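Okay, so here's the structure we're looking at.
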Protein chains: 2
Amino acid sequence: MDIRNEVRKMKEDSPAMAALSLEIRNRALADAAAALTANREEIFAANRADMDAAKESGVAPAVMKRLKFDEKKLTDVIEGIADLIRLPDPLSQVQLCRELDEGLTLQRVTCPIGVIGIIFEARPDALVQISALCIKSGNCAVLKGGKETSRTNKVLFNLIYKAVTASGLPKGCMLQAEQHNEIDELLSCHDCVDLLIPRGSNQFVQYIMNNTKIPVMGHADGVCHIYADEFCDLEKAIPILVDAKTQYTAACNAVETLLVHRRIAGDFLPAAAKALTGAGVKLRGTKEAADIISCEVMGEEEFNTEYLELVLSVKLVDSLEEAVAHINRFGSHHTDCILTENQENALKFMQLTDSAGVYQNCSTRFADGFRYGFGAEVGISTGKIHARGPVGLEGLVTYKYKLFGSGQIVGDYASGKKSFHFKNLDAISS
Amino acid sequence: MDIRNEVRKMKEDSPAMAALSLEIRNRALADAAAALTANREEIFAANRADMDAAKESGVAPAVMKRLKFDEKKLTDVIEGIADLIRLPDPLSQVQLCRELDEGLTLQRVTCPIGVIGIIFEARPDALVQISALCIKSGNCAVLKGGKETSRTNKVLFNLIYKAVTASGLPKGCMLQAEQHNEIDELLSCHDCVDLLIPRGSNQFVQYIMNNTKIPVMGHADGVCHIYADEFCDLEKAIPILVDAKTQYTAACNAVETLLVHRRIAGDFLPAAAKALTGAGVKLRGTKEAADIISCEVMGEEEFNTEYLELVLSVKLVDSLEEAVAHINRFGSHHTDCILTENQENALKFMQLTDSAGVYQNCSTRFADGFRYGFGAEVGISTGKIHARGPVGLEGLVTYKYKLFGSGQIVGDYASGKKSFHFKNLDAISS
């Protein structure tokens, strides 16, 4: 398959995809869900074959868990699609309706982004979730999944594609890239692909960001921090710290660095170290931390490390300001938390920390579209342009300005013959 | 000056800039306006020196007009600042306030993007306008103006900088890059600069887009179209066409291509050609157009040309669909217009055309922040990620998620011990 050619055809189909009614998009989602349910055995068989092959090639158990697509995963994705159908239409929302002058009315109306390329490793359920989000938001999607689940992905894609095109979606609505070399071809399609969403390892996402002119939404790394403030409540702090580090170590929102106010370090660090080491966490820290607790001494420049395993960096700070400066410098602008009972300090920390998520007294692991009540998510963005944090449907739409005139020319306004009166009207449906 | 070093310091100051109250930002704007007014003679003298030097080096008269900064331009920028002061605060707006569970509340709150690099050619008034927009939105700004007005820019920058730092803005709020080689240095600051806004020629913007990893907002070219539909009103159409082509040819929103429905071409084209050639416009077109009117024959592949002068491409089409396909293929997704009295066709054109601005029966020249009632603009974006079309204050902000907890851990929700209840609350001020 020449993917560039296919993507070009998809681009040509994208205005038709964007123009579909909500009814057709929702029906396509329902039909896709029904097709997956009806063909569950085919999906599970393909997944068993993927799992067997992965086991044989020695894939790590933690990764194996992510490859699995069983009855439970199917139920989850089907429920996710049902939730998505119930969500209001993200398209054709009139965000602004303004009469510029008599007979000259401006509307700002939401519309799909167009063609979205999604490149993800492992997790076949991501294929279903992302396809569904793209369909609901009227976007065409090029999907490239990980090779470890190629059999599962192929079955899932074919079932969804057949169902949704039968319900009225254009042929170019979805496309599956199956070969690894097609990633580089996709990265070169900046004239046809409007947005790339890579999901995978730091190295993988970084490679994509460095090798394309297409805008990329997502995050390369998640170096999240917890700062134990001078006014932190030890009782609350310890479970939060343990949860943020150990509840799912491979997640981007797991904590990687603990900063502790020097004034409380003598009490806080031993208690934290006891709980963390008890949960299997290995501690590394500055020389000063190692004077209080037993931990490996690390260098300053290592504080940008994303461990993704049971290891935590520890550092003492003199003030909230020093904690914030450390986070803004070494962090990845993902999610950072202050543990404090002092509300003024909490607000100050939230104001000054330049991250997508700024938390008080709760686990960094809450940074997730589902936990924010967005339904499914396409990913978490650490960029500040377009969408930030967990990204749901809203991040998959843009808008266009529609200007309805009756013969107006700019010359009349430039010469002073006419002037604008800018009256905001109640937004009517476009 | 080592600009990389200066920009790094600016990045460190950006959280303080972001945390300034509206009162301080507005006072800084008022003080900047007062400083410009009080030192008008110094500004005009510098501008006269720039104008003399430009004249000597043979700068074209059309460009000369853009270099000028006189009493009229000063009044305009001062009025612009006064308008900006009156606008509501774009920061600290609570866009979402949701209780995820008891004692666990999520807020989405607007905040500045951080450090914005603006590179513009000519037009010293742009320096004032853009600085003012950045101050109002709490962003730090690196400004690089054109060398033709370096004297004017220097005086304007120094007056504004001195005034706003005296009113409480941090030292790193603004920075002027004066050397041409500093552009490349700035393009390499992807760890410190969050957004680049280039304003200038196609080639200039393209160079910037191709040579940085920093997100770029703006447009390289403006190949705008007018499509005369089968149901177009000739009386309305001709003045719109003449205005869109001739009112300001050097603008990105001037029309470059006329598409005419074949069924009306016999009447429409001769009338349009008469009016356009009467206004000094040279016509180029397909062989078929040249059979109806006198025009130079051009090749299909030339239809992506942005003339920016009194030249217009002409083509006949069979249908609205063909017009849209041509625009989506050859256009630059800037602003495109349908001339029609058939509302169904207008809506269809607006739905299918993939441009920031889709117009009916009015000049493409309306595509402008001031004419949309946004006050000043930082530029017009043809990208679909982040802001699209004319970009005012809103395009200079992003948001962060603040999560206020009281000890919550994810483990309790994963195990089923607790569950989310997602209650949207009335947005309270953050």
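The values are calculated or read from the model by the stated rules, or taken from the named source; none is laboratory data. Being a predicted model, the structure only gives us computed values, none of them experimental. Reconstructed Cβ throughout: ideal geometry from the backbone, glycine too, with neighbour counts over all protein chains shown. Just so you know, the surface numbers come from the protein's heavy atoms only, side chains and all, with ligands and any DNA or RNA stripped out. Shrake-Rupley method; radii C 1.70, N 1.55, O 1.52, S 1.80 Å.
Of all chain B C-beta atoms, the nearest to the rotation axis linking B with A is recorded, alongside its rounded Å distance, as B:386, 2. Couplings 3J(HN,Hα) for region B:352-367, derived from phi with the Karplus relation 6.51 cos²θ - 1.76 cosθ + 1.60 (θ = phi - 60°), are 8, 7, 8, 10, 4, x, 10, 10, 10, 6, 7, 5, 5, 5, 6, 6 Hz, where x marks Gly and Pro.
With its label point defined 7 Å out from Cα along the Cα-to-Cβ axis, residue A:311 lies at 6.2 nm from the matching points of the other copies, in increasing order. List the aspartates and glutamates whose Cα lies under 15 Å from the Cα of residue B:423, skipping any in the same chain that are fewer than 8 positions away. Cα-Cα hits under 15 Å: B:99, B:101, B:102. Each copy carries residue A:262; placing its label point 7 Å along the C-beta direction from Cα gives inter-copy distances of 8.2 nm, listed from smallest up.
GNM remark for chain B: springs join alpha carbons under 10 Å apart, and the peak mean-square fluctuation among B:26, B:181, B:304 falls on B:181. Once the Cα atoms are used to define both axes, helix A:150-166 deviates from the longest principal axis of chain A by about 30 degrees. Residues in region B:141-224 average 40 Å² of solvent-accessible surface per residue, probe 1.4 Å, ligands and nucleic acids excluded. Spatially, region A:97-142 and region A:270-294 are offset by 46 Å when compared through their Cα centroids.
Burial of accessible area (probe 1.4 Å, heavy atoms of protein chains only) in region A:104-138, relative to its chain alone, reaches at least 10 Å² for A:104, A:106, A:108, A:113. Spatially, region B:215-231 and region A:159-189 are offset by 28 Å when compared through their Cα centroids. Using a 1.4 angstrom probe on protein heavy atoms only, the contact between B and A buries about 6100 square angstrom of accessible area, both sides summed. Rounded if a/c is under 1.5, else prolate if a/b beats b/c, else oblate: with a ≥ b ≥ c from the C-alpha gyration tensor eigenvalues square-rooted, which is region B:224-366? Rounded is the answer for region B:224-366, as its axis ratio a/c remains below 1.5. Apply the a/c threshold of 1.5 to the C-alpha gyration tensor of chain A and tell me whether it is rounded, prolate or oblate. Here chain A falls in the oblate category.
Looking at chain A alone, DSSP beta bridges between its own residues are antiparallel in about 35 percent of cases. Shown for region A:3-220: the carbon plus sulfur share of the solvent-accessible area, taken with all protein chains present and a 1.4 angstrom probe, equals 51%.
Phi-derived couplings, Karplus 6.51 cos²θ - 1.76 cosθ + 1.60 at θ = phi - 60°, listed residue by residue for region A:206-219: 4, 4, 5, 4, 7, 10, 8, 9, 6, x, 10, 10, x, 8 Hz, with x used for Gly and Pro.
Within region A:3-220, antiparallel bridges make up roughly 30 percent of the DSSP beta bridges whose residues both belong there. Across the identical copies, the label point of residue B:42 (7 Å from Cα in the Cβ direction) is separated from its matches by 7.7 nm, in order from shortest.
If a spin label sat at a point 7 angstrom from the Cα of residue B:184 along the line to its beta carbon, the backbone N atoms of region B:201-236 nearer than 18 Å would be those of B:204-214. Quick one: Cα centre-to-centre distance for region A:15-47 and region B:26-62, in angstrom? What the calculation gives is 61 Å, centre to centre. Computed from backbone phi, the HN-Hα couplings of region A:179-194 come to 8, 4, 5, 6, 4, 5, 4, 4, 4, 8, 8, 5, 7, 10, 9, 8 Hz, rounded to whole numbers (Karplus: 6.51 cos²θ - 1.76 cosθ + 1.60, θ = phi - 60°; Gly and Pro given as x). Put a dot 7 Å past the Cα of residue A:421, heading toward its Cβ, do the same for residue B:319, and the two dots end up 4.1 nm apart. Can you list the lysines whose alpha carbon is less than 18 Å from that of residue B:73, not counting same-chain residues fewer than 8 positions off? The reachable lysines, counting only those whose Cα sits under 18 Å from residue B:73, are B:65, B:154.
The portion of the accessible surface of region B:224-366 made up by carbon and sulfur, rounded to a whole percent, is 51 (1.4 Å probe; DNA, RNA and ligands excluded).
Label the protein assembly as shown by shape, choosing from rounded, prolate and oblate, from the square roots a ≥ b ≥ c of the eigenvalues of the Cα gyration tensor; if a/c is under 1.5 it is rounded, and otherwise prolate applies when a/b is larger than b/c, oblate when it is not. Taking the square roots of the gyration eigenvalues as a ≥ b ≥ c, the protein assembly as shown is oblate. Bridges between two residues of the protein assembly as shown, per DSSP, are antiparallel at a rate of about 30%.
In region A:385-399, the residues that give up 40 Å² or more of accessible area when the other protein chains are added, compared with the chain on its own (1.4 Å probe), are A:385, A:386, A:388, A:398, A:399.
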